[in-house]
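The values are calculated or read from the model by the stated rules, or taken from the named source; none is laboratory data. Small disclaimer: the values here were computed from a predicted structure and weren't measured. A quick note on method: Cβ atoms are made from the backbone with ideal geometry, for glycine too, and the neighbour counts reach across all protein chains shown.
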Amino acid sequence: MQKLFSDYGMVLVLIVLCLLFSALTFKEQTPLGSNAIIEILEQINSKFDKSDIILAVGVAKKDSAPFAEKVGEKLKEAGYSKTRVVVGTPRDLKLALDDIKAEGSRPAAIATSGDVVKWRVIELMPQSHPEFMGCELLSPESYMWPDFLKRSNLLAIVDRIVVIAIIAIGMTMVIITAGIDLSVGSLIALAAVISTLIMKKLGGLQASGWVVLIGFFGGMLCCGIIGAVGGVIVSRFKVAPFITTLSVMMIARGLAFMITGGYSIYQVPKALPWLGQGRLLGMPNTVILLIVLYVAAHIFMAHTRTGRYIYAVGGNQEAARLSGVPVKSVIVFVYVISSLAAGLGGCIQTSQLNTGAPNIGVMYELYVIAAVVVGGTSLSGGSGRILGTLIGAFIISVIQNGMNLLAIESYKQQVVLGAVILGAVLLDKARRAGRLPAFLLKKKETMN
Amino acid sequence: MIMMTEEPKRCNPLLLEMHQINKSFPGVHAIKNVSMKLHHGEVLGLVGENGAGKSTLIKVLGGAHLPDSGRILIEGQPIDILSPTAAQQVGVSIIYQEFNLIPDLTVRENIFLGREKTRMGFVRATEEQRATLDLFDKIGISIDPDARCGELTVAQQQTVEIAKALSVNARIIVMDEPTATLTTQEVDRLFAIIRDLKSQGLGIIYISHRLEEVFKVADCVMVLRDGEHVGTEDIDNLNREKLIEMMVGRPIDSEFPKRLASPGQERLRVEELCHGQAVSNVSFSVRAGEILGFAGLVGAGRTETMRLVFGADRPDSGRIFINGDEAEIHSPSNAIRRGICLLTEDRKGQGLVLIHSCLENYGLPNLDRLIGRVFLNRRKERKEFCNFAESLRIKTSGPEQLIMNLSGGNQQKVVIAKWLARNTDIMIFDEPTRGIDVGTKYEIYLLMNRLANEGKAVIMISSELPEILGLSDRIIVMHEGRVKGEITNVANATQEDILSMAIA
C-alpha cells in the first residue's frame, strides 16, 4: 500500500476527487430496478383486489417510464385486468384521472417511482378529485446515495476515457524515451476512415463480423506503418520528435479527409458497434479491453527486456547505447506502439459512433499527453509508470464527469480542467521534492 | 579576531570561519561538527575520500544546502547563507566541476549573464567588453570576449568561470576538482592564476584528489573523513604518506599493487585504424593476462581509438582482430557480443543512467542473460548485484537507491560491476580512477590486476602518469591521433620518458 502511494502519488488526488464529487452529488435516489418492481407488486397483492383500478405512472423518456410499463405488464399478468399504464407528463395523469372519474369509478392506487411522487397533480388530488379519497400512492422506498457512485455513472466514466486511456499507453512509452507523439489524434481519424472504407468495400451494411475485424486490422496496420516511418525519422535522421510527429499529425489528418472527400462513411456492417457498445458478462467490452491492455502493458514495462530498454533510452541515450542497447530499434518500437494504440483508439471510436468520420480525435493528443503527465511521467524521459497513466486518465475523466453531474457549463469545465491538470502536476512535483506533510512521505524511508 | 591569538603563525586576518557545522540527510549524517577557517590570501586544500563530506560542506557554504546547526562568519560578521544568490552577495563563488556556462552565449554574455549592463533596456556591449578585458587583464589571460563558450577549451572555460567569479567581487573562491580535465601546461597556468588571486588577498578553497597538486598550490590542508574533521595542517608539516594516512584512516604500504605478468595468446589486434583527424593509422595488440596502458595528453586520440574498437563510432578504415579472427564491429552491442567492454571516462554522461537505480544500471548490459523465457528474472538480478555490492564494497542504502545519490567512487564501482557481470575477455578502462579517492583507487587497481591474472586482456587509458607506470605491463604513448611510441620495459621507465613522447 505504501509502495502504491509512493509510486502512484496521484492515487491520492483521484481518491480526493471521487470523495468530493460523491459528497456533492449525494441525494435521494428512488430505486427502479427489478427488486423495486417486486416490492411494489407485493404491496399491491397484499392490499388490493384483482378488480381494483391500479394506475402505473412513469415520466416519458425517464428511467421511470420502463418501470411503469413493467409494473403494468406484471399486474396484468397477475390478473389485475383494470390496470392502466400512464407514461407521459403530469397532464397525461390528470387526463387519465378525469377519464376514470367520467366512468364513475375510482382508482385504488397509483404505483410509481422517481419524480412522479412530487408531482403537483398528486399533491392536489384531495381537492381536484375529492371523490378519490382513499386512493393510495405506492412507491418503492427511497435511499440516499451519490449520483456519482451509481453503477451506470461509474461505467460512463470508464467508457468516456477508454479511447484516451488506451492511446495513453503508447504515449507513456514514447514520453519515457524522452520523445512525444503529437500525431495520435489524427491517427484516430485515419484509422476510423480506413477501417470503415475497407468494410464498405467488402460488403458495407451486409458484411459479416469478419469484415469488421479485417477493417480494424487494416486501419491499425496503416497507423503502425506510419508510426514506423516516424520512428525511423526520429531515430535515424535525428529529427526532433515534436517536429516529426507534428508533420505526421497534419499529413494523417489531411489523408483522412482526402480519402473520404470530407464526408463520413455510414455504409458499415451491423456488427461494427459490438466493440465499442457491446457487453460481455455485464461489462462493456471497452472496459474489459482497457483492463487487459493496461495489465499487459504494465507487465511489459516492468518485466521484459524491451521495457527496461525503453526506460534506459530515456534516462541516458548514450549510456544505454554504450551498454549495448539497440537504441534506434527501441525508438522505432515505441512510435509503432503509440501509433497502433492510436489506431485501436480510432477503431473503438468508430465502433462507438457506428461511423467512419474524418473529423474525430481533434485535440486528443493533448488530452492523452495530459493524462500521461498527470500520471507522473516526466517529459524529460527515463521515468514514469503505466498504471500512473491510467490514474491520470481517470483523473481527467472523473473531473469532466463530476462537472457534468453538477451541471457546470462546458466553457467553465475547460477552465477548471486546465487548472486541475496544472495543480495535479504541481502537487506531484512537491511530493517528489519532499515538501508535503510527513504522513504522505513516511513510506519513503521504510522502503529503503 | 580573538581567533588570531590561537593561531599566531597566521599573519593575514581571518576571512571565513565555519563553526561547528552539522548537516544530515535522511539516513546519513553527512557532516558532523566540522569547523573551517580561511584567511585572506590563503589557499586551503580540502581533501578526503569520496563521501567524506567535502561537497556537502561546500554546498552549505554556497547556499545550496542549509546547515542543521552551526555558524558561518565572514570577516567576523555572522552571516546566514540561505540561497546561492545570497552566497554570491556575500562574496562566495563556487566553480563546480561541471561549468555553469551557456555554450551558445559568448564569453562576455556569460560573464554578465543576469547582471547585464544596460541603458533603457539595451545592453551596452562596449562597456561590458571593456569590463571583460579588464578582468582578463587582472588574471593575465587572453581570451576573445566574443568567442562562444562552447568553442573554448575546458581550461579556457574554467578561466572564464574564474573571471565571472571576480566580476561579482568574490572574496572566497571554491574550486571543485578544477584540474580533472586539464593538460599539464593548463594546470600550470591555472596555478599561476591562483597565486595571482592569492596575492590580491582572496581566499581560495581548493578541492582535489590529486595530492601532488595540493602540495604544489595549497598553504594548508584540511582533511575530512566520514563527515568528520580529521585535522587541518600546514602544508610544510605534511608529506604524501601522512596525508593519505589521514584521509584513509590507516597507513597504505604502496599506492600500486604489484603483480607478475604472464601474458598469453593475443586477444585483440588493431591495424591501421583511422577516423578523421582524431585517429590516424593506430595499430596495437593486447594479449591475455596483460595490462596495456595508453598514455598521452588530453585529446591525443586515446578515447577516440577505443570508441572505434568498441563500435561506438565507425572507423574510416582499419581492421580489428579478436582472438586472431577479423571482426566487423559496427555497434556497441555487437562489440559486447564479441567480448569487448568499455568503461567510459565520462561516467555520468555515458556510463550510467543517473536517474535510475543501481540495480537497473547494473542490469542494463546483462538483460539478455537475466531474461527467462519472456520475463526478466528480477530476483536473480538483485542477487547478482548484491553479491557484487558485497565483493566490490559498494556503499548503497540498497539496490533500489538512485545512482545519482552515490559518491563518484561508488558510481564507478557500479559501472565496474555491470561490466564484470558481462565477463568479457577484453576490458577497456578509460580513466578508471578519475575523481575517485585514494582508498577506492587502490581497490580498482587490485581488481584490474585480478582481471589480468584471470586471463583477460586489460586496456587502461590514464592521464595520471604514476598510475600508468605503476600498473601497466606495456605502455603505448599517443600524440595527436598517432601512436608515438611504445614502452615495453615499464619497470625502468620514468614519467619523463612518457612525457617526452607525449608532448613533442
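Applying the criterion of being surrounded by 22 or more Cβ atoms within 10 Å (Cβ to Cβ) and of a type outside the set (Ser, Thr, Tyr) to the residues of the stretch A:370-380, the residue that is nearest to the other protein chains (Cβ to nearest Cβ) is A:Gly376. Condition check for A:Gly219 on (1) within 30 Å of A:Ala320 (Cα to Cα); (2) crowded, with 24+ Cβ neighbours inside 10 Å: one failure, at (1). Checked against the criterion of being in contact (Cβ under 8 Å) with a residue 12 or more places away in the chain and within 16 Å of A:Ile337 (Cβ to Cβ), the stretch A:269-288 has no qualifying residue. Can you say whether B:Phe294 is at pLDDT below 90 and closer than 27 Å to B:Pro466 by Cβ, as far as the supplied structure shows? Against the criterion (at pLDDT below 90 and closer than 27 Å to B:Pro466 by Cβ), B:Phe294 does not qualify.
A Cβ distance below 6 Å, combined with a sequence gap of six or more or placement on separate chains, defines the contacts here; from the stretch B:385-397, residues that are under 16 Å from B:Trp419 (Cα atoms) reach residues that are of a type in the set (D, E, K, R) in the pairs B:Leu392/B:Lys413; B:Ile394/B:Lys413. The criterion of at least 2 residues that are surrounded by fewer than 18 Cβ atoms within 10 Å (Cβ to Cβ) and either more than 14 Å from chain A (Cβ to nearest Cβ) or charged (D, E, K, R) (or both) is met by the following strands (runs of 3 or more DSSP E) wholly inside the stretch B:275-392: B:279-287, B:317-322, B:325-327.
Could you check how many residues of the stretch A:305-345 are in a helix (DSSP H, G or I) and within 14 Å of chain B (Cβ to nearest Cβ)?
Counting residues in the stretch A:305-345 that are in a helix (DSSP H, G or I) and within 14 Å of chain B (Cβ to nearest Cβ) gives 21.
If you scan the stretch A:275-304, which residues turn out to be of a type in the set (Gly, Ala, Ser) and in a helix (DSSP H, G or I)? Matches in the stretch A:275-304: A:Gly276, A:Ala296, A:Ala297, A:Ala302. Checking each residue in the stretch A:352-367 for being of a type in the set (S, T, N, Q) and more than 13 Å from A:Gln267 (Cα to Cα) picks out A:Gln352, A:Asn359. With respect to being assigned by TED's automatic domain parsing to the domain that holds A:Ala191, over 28 Å from the mean Cα position of the chain (by Cα), loosely packed, with under 15 Cβ neighbours inside 10 Å and in a loop (DSSP other than H, G, I, E, B), A:Lys270 falls outside the description. Could you list all residues from the stretch B:38-74 that are among the hydroxyl-bearing types (Ser, Thr, Tyr) and either within 18 Å of B:Glu213 (Cβ to Cβ) or modelled with pLDDT under 90 (or both)? Selection gives B:Ser55, B:Thr56.
Of the listed requirements (1) buried (at least 17 other Cβ atoms within 10 Å of the Cβ); (2) over 28 Å from B:Asn449 (Cα atoms); (3) under 24 Å from the mean Cα position of the chain (by Cα), B:Phe215 misses just one: (1).
If you check B:Asn361, B:Asn366 for being under 21 Å from A:Thr306 (Cβ atoms), touching a residue at least 40 places away in the same chain (Cβ under 8 Å) and over 26 Å from the mean Cα position of the chain (by Cα), only one passes: B:Asn366.
Which residue out of A:Leu293, A:Leu272 is out of contact with any Pro (no Cβ under 9 Å at 6 or more places or on another chain), at pLDDT 95 or above and over 18 Å from A:Ser383 (Cα atoms)?
On the way: A:Leu272 fails: at pLDDT 95 or above.
The conditions single out A:Leu293.
Please go through the stretch B:86-120 and pick out each residue that is within 13 Å of B:Met175 (Cβ to Cβ) and not in a loop (DSSP other than H, G, I, E, B). B:Val92, B:Ser93, B:Ile94, B:Ile95, listed by residue number. Looking across the stretch B:142-197, just one residue is under 22 Å from the mean Cα position of the chain (by Cα), over 18 Å from B:Leu101 (Cβ atoms) and outside any helix (DSSP H, G or I), and that is B:Thr183.
Going by what's in this entry, would B:Thr179 be described as within 17 Å of B:Ile111 (Cβ to Cβ), without any contact (Cβ under 8 Å) to a residue 60 or more places away in the chain and polar (S, T, N, Q)? So B:Thr179 fails the test. The combined condition, being within 28 Å of the chain's Cα centre (by Cα), under 30 Å from A:Asn354 (Cβ atoms) and crowded, with 21+ Cβ neighbours inside 10 Å, is not fulfilled by A:Ile176. Within the stretch A:237-244, can one find any residue that is closer than 30 Å to B:Phe310 by Cα and either assigned to a helix (DSSP H, G or I) or within 14 Å of chain B (Cβ to nearest Cβ) (or both)? Yes, there is a match, as at least one residue in the stretch A:237-244 is closer than 30 Å to B:Phe310 by Cα and either assigned to a helix (DSSP H, G or I) or within 14 Å of chain B (Cβ to nearest Cβ) (or both). Within the stretch B:417-438, the residues that satisfy the criterion of being away from chain A (no Cβ under 13 Å) and not charged (D, E, K, R) are B:Leu420, B:Asn423, B:Ile426, B:Met427, B:Phe429, B:Pro432, B:Thr433, B:Gly435, B:Ile436, B:Val438.
Yes/no per residue for (1) within 29 Å of the chain's Cα centre (by Cα); (2) over 29 Å from B:Val490 (Cα atoms):
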residue: B:Ile235; (1), (2): yes, yes
residue: B:Arg259; (1), (2): yes, no
residue: B:Pro263; (1), (2): no, no
residue: B:Ala300; (1), (2): yes, no
residue: B:Thr303; (1), (2): yes, no
residue: B:Ser317; (1), (2): no, yes
residue: B:Phe321; (1), (2): no, no
residue: B:Ser331; (1), (2): yes, yes
residue: B:Arg337; (1), (2): no, yes
